[in-house]
1. Which ones in the range 121-142 are within 30 Å of Arg162 (Cα to Cα) and buried (at least 16 other Cβ atoms within 10 Å of the Cβ)?
2. Kindly indicate whether Gln113 is surrounded by 12 or more Cβ atoms within 10 Å (Cβ to Cβ), in a helix (DSSP H, G or I), polar (S, T, N, Q) and touching a residue at least 60 places away in the same chain (Cβ under 8 Å).
3. In this structure, is Ala145 surrounded by fewer than 15 Cβ atoms within 10 Å (Cβ to Cβ), of a type in the set (A, V, I, L, M, F, W, C) and not in a loop (DSSP other than H, G, I, E, B)?
4. Please pick out the residue among Ala90, Ala67, Ala62, Ala46 that is farther than 25 Å from Met154 by Cβ and modelled with pLDDT of 70 or more.
5. If you go through the range 232-245 one residue at a time, do you hit one that is buried (at least 19 other Cβ atoms within 10 Å of the Cβ), closer than 25 Å to Phe311 by Cα, modelled with pLDDT of 80 or more and over 21 Å from the mean Cα position of the chain (by Cα)?
6. Determine which member of the set Ser239, Ser229, Ser189 is of a type in the set (S, T, N, Q) and on the phi > 0 side of the Ramachandran plot.
7. Evaluate the range 365-375: report whether one residue or more is surrounded by fewer than 18 Cβ atoms within 10 Å (Cβ to Cβ) and either modelled with pLDDT of 90 or more or basic (Lys, Arg) (or both).
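The values are calculated or read from the model by the stated rules, or taken from the named source; none is laboratory data. What you are looking at is a predicted structure, and each value in this text was computed from that prediction instead of being measured. Counting neighbours? That spans all protein chains shown, and the Cβs are built from the backbone with ideal geometry, glycine included.
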Amino acid sequence: MSRLLKIAAREYGAYVRTVGFWLSMLLMPVVGGIAFSAPTLLETRAPPPVVAILDQTGQGFADEIVARTGAERTGRVRTGLGKPPQLLVAPAGADVETAKAWLNGQTPYPGGQELSAVAILRGADQAVSLDYWSIHLSDVGPRQAVQSALADVMQARYLAARGLSAGDLKTLAALKPIVSDFSPKAPSSKVSLRDRLPGIVGFAAAMLLWSMVFTGAGILLNSVVEEKSSRVLEVLLASASVPEIMFGKILGVLGVTLTVLGVWGVVGGTLLVTLAPGIAADIGAVLFGKGLIFYFGFYLIGGYLLYAAIFTAVGAFCETTREAQTLLGPVMALLVIPVIFMTQAIRRPDAPALEVLSWIPPFTPFLMTARAAGEPPLWEILGTGALMLATVGVVVWLSGRAFRAGALSTGKIDLKGLILKLRRGAD
C-alpha cells in the first residue's frame with residue numbers, strides 16, 4: 001500500500017508542482033469569461049450597421065419601415081446583442097447598379113454615411129419582395145430587422161384595409177391561457193424551479209463525470225505513453241507490482257482532476273452564493289436533502305475507474321501518442337453515445353430506451369446520474385450498480401494483465417500479438 005501511495009503522490013506532484021498547471025487552471029475561467037463577453041463587448045462598441053432602403057414599389061413602404069424601426073429601435077428589430085441597424089430611405093430613382101456602387105465605395109452615398117447594406121423593395125400591396133445587398137455576407141441581423149419591419153408594415157396595411165388596427169392584432173396575439181404546472185411528485189403539488197432542479201443537477205453531474213473521465217483518462221494515457229517510451233515504466237515494474245503501479249497512477253490523476261474540479265467548484269459556488277443565494281440553497285437542498293450527492297459519487301467513482309483502467313492499459317501498448325489515439329477510437333465512440341442521450345434524460349428519465357441503455361455498463365455511470373431526477377426504482381439502482389461494479393472488476397483485472405504485457409513489449413503490437421501477450425500477461 002505504501003508503494004501505491006508513493007506512486008500516486010509522484011503522479012499527483014508531477015502535475016500540481018508545475019506553474020503551467022496552476023496557470024492553465026486559473027486562466028480557464030478567465031478565458032471562458034472573455035469568450036462569453038467578447039461578442040457583447042464587440043457588438044456594443046461597434047457602430048450600428050447602416051442600411052439604405054430603396055423602395056421601388058411606389059407605395060411608401062420605406063418611409064413606414066424607417067418610422068417603425070425608429071419607434072421600436074430597442075424592440076424586436078434589435079439584432080442579437082448588438083446595436084439595432086440604422087435605416088435610411090434611399091433617394092428615388094436609384095437602381096441595383098447604383099446600390100452596388102454605394103456598397104463598393106465607387107459612388108458616395110448622398111447622405112455621406114458608409115453603408116453596410118441596401119434593401120431593395122419590389123412589387124406592391126401584399127406581394128412585396130425584398131432583395132438584400134450586403135457587404136457582410138454572414139451578418140444576417142440587419143436583414144432580419146428589415147424583413148421583420150416590412151412584415152409589420154404589410155400586416156398593418158392589410159388590417160387597415162379591412163377596418164382593423166395594429167392594436168387589434170396585438171390584442172389577438174396576447175390572448176393566451178394562463179398555464180400552471182402540477183405534479184404529484186412536487187411537495188406543494190405546483191411545480192416550481194426547485195422541483196425541476198434535480199433534473200438539471202443530474203444532467204450537470206453527468207456532464208461533469210463525462211468531462212472528468214475525458215480529461216483524467218487523457219492525462220493517464222499521456223503519462224503512461226511518456227513513461228513507456230522513456231523506459232521509466234520498466235523501472236517501476238522492477239520495484240512495484242502491477243496493481244500498485246496501475247492504481248497509484250489512477251489515484252494520482254484522480255487527485256489532479258479533483259483538484260481542478262474543486263478549485264472551479266469553490267469559485268463557482270462562491271459566485272453563485274454571492275449572486276444568487278436562493279438558487280444556491282435550492283441546489284444544496286437537492287444534493288443533500290435526498291442523498292443525491294452520494295448517488296452521484298458512487299457512479300462518478302465507478303465510471304472513472306472503468307475508463308481509467310482502459311486508458312491506462314491502452315497507453316502501456318503504445319510508444320507514441322499517435323498510436324494511442326488509433327487504439328482509442330472505439331473507446332471514444334463509446335463516450336460519445338451517452339452524451340447524445342443525456343439531454344433526453346432531463347425530459348423523460350423513464351424512457352424505455354434510456355432504461356435499457358442504463359444496463360449497459362459503459363453507459364451506466366452517465367445515464368443513471370442524468371436520470372436521478374426521475375428517481376429510478378431501488379431495484380434498478382442496485383442492479384445497474386452491481387453490474388457496473390462487476391464490469392469494473394473484470395476490466396481492472398484484464399487491464400492489469402494488459403498493462404504488464406504492454407509495459408514489457410517493444411515495437412508495434414498487432415491484434416494477434418496483443419491477444420498472445422494478454423494470455424501470457426499473468427505469467
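1. Matches in the range 121-142: Leu121, Val128, Leu130.
2. Numbers: surrounded by 12 or more Cβ atoms within 10 Å (Cβ to Cβ): yes; in a helix (DSSP H, G or I): no; polar (S, T, N, Q): yes; touching a residue at least 60 places away in the same chain (Cβ under 8 Å): yes.
For Gln113, the condition - surrounded by 12 or more Cβ atoms within 10 Å (Cβ to Cβ), in a helix (DSSP H, G or I), polar (S, T, N, Q) and touching a residue at least 60 places away in the same chain (Cβ under 8 Å) - is not met.
3. Values: surrounded by fewer than 15 Cβ atoms within 10 Å (Cβ to Cβ): no; of a type in the set (A, V, I, L, M, F, W, C): yes; not in a loop (DSSP other than H, G, I, E, B): yes.
No, not satisfied.
4. Values: Ala90 fails: farther than 25 Å from Met154 by Cβ; Ala67 fails: farther than 25 Å from Met154 by Cβ; Ala62 fails: farther than 25 Å from Met154 by Cβ.
That would be Ala46, the only listed residue that is farther than 25 Å from Met154 by Cβ and modelled with pLDDT of 70 or more.
5. Yes, there is a match, as at least one residue in the range 232-245 is buried (at least 19 other Cβ atoms within 10 Å of the Cβ), closer than 25 Å to Phe311 by Cα, modelled with pLDDT of 80 or more and over 21 Å from the mean Cα position of the chain (by Cα).
6. On the way: Ser239 fails: on the phi > 0 side of the Ramachandran plot; Ser229 fails: on the phi > 0 side of the Ramachandran plot.
None of the other options fit; the residue is Ser189.
7. Start the filter on the range 365-375 by keeping residues that are surrounded by fewer than 18 Cβ atoms within 10 Å (Cβ to Cβ), which leaves 375.
Checking which are either modelled with pLDDT of 90 or more or basic (Lys, Arg) (or both) leaves us with none.
No - not one qualifying residue is present in the range 365-375.
Here's the yes/no breakdown for (1) touching a helix residue (DSSP H, G or I) at 6+ places or on another chain (Cβ under 6 Å); (2) in contact (Cβ under 8 Å) with a residue 60 or more places away in the chain:
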site: Gly278; (1), (2): no, no
site: Asp282; (1), (2): yes, yes
site: Phe296; (1), (2): yes, yes
site: Ala308; (1), (2): yes, yes
site: Thr320; (1), (2): no, yes
site: Gly329; (1), (2): no, no
site: Met332; (1), (2): no, no
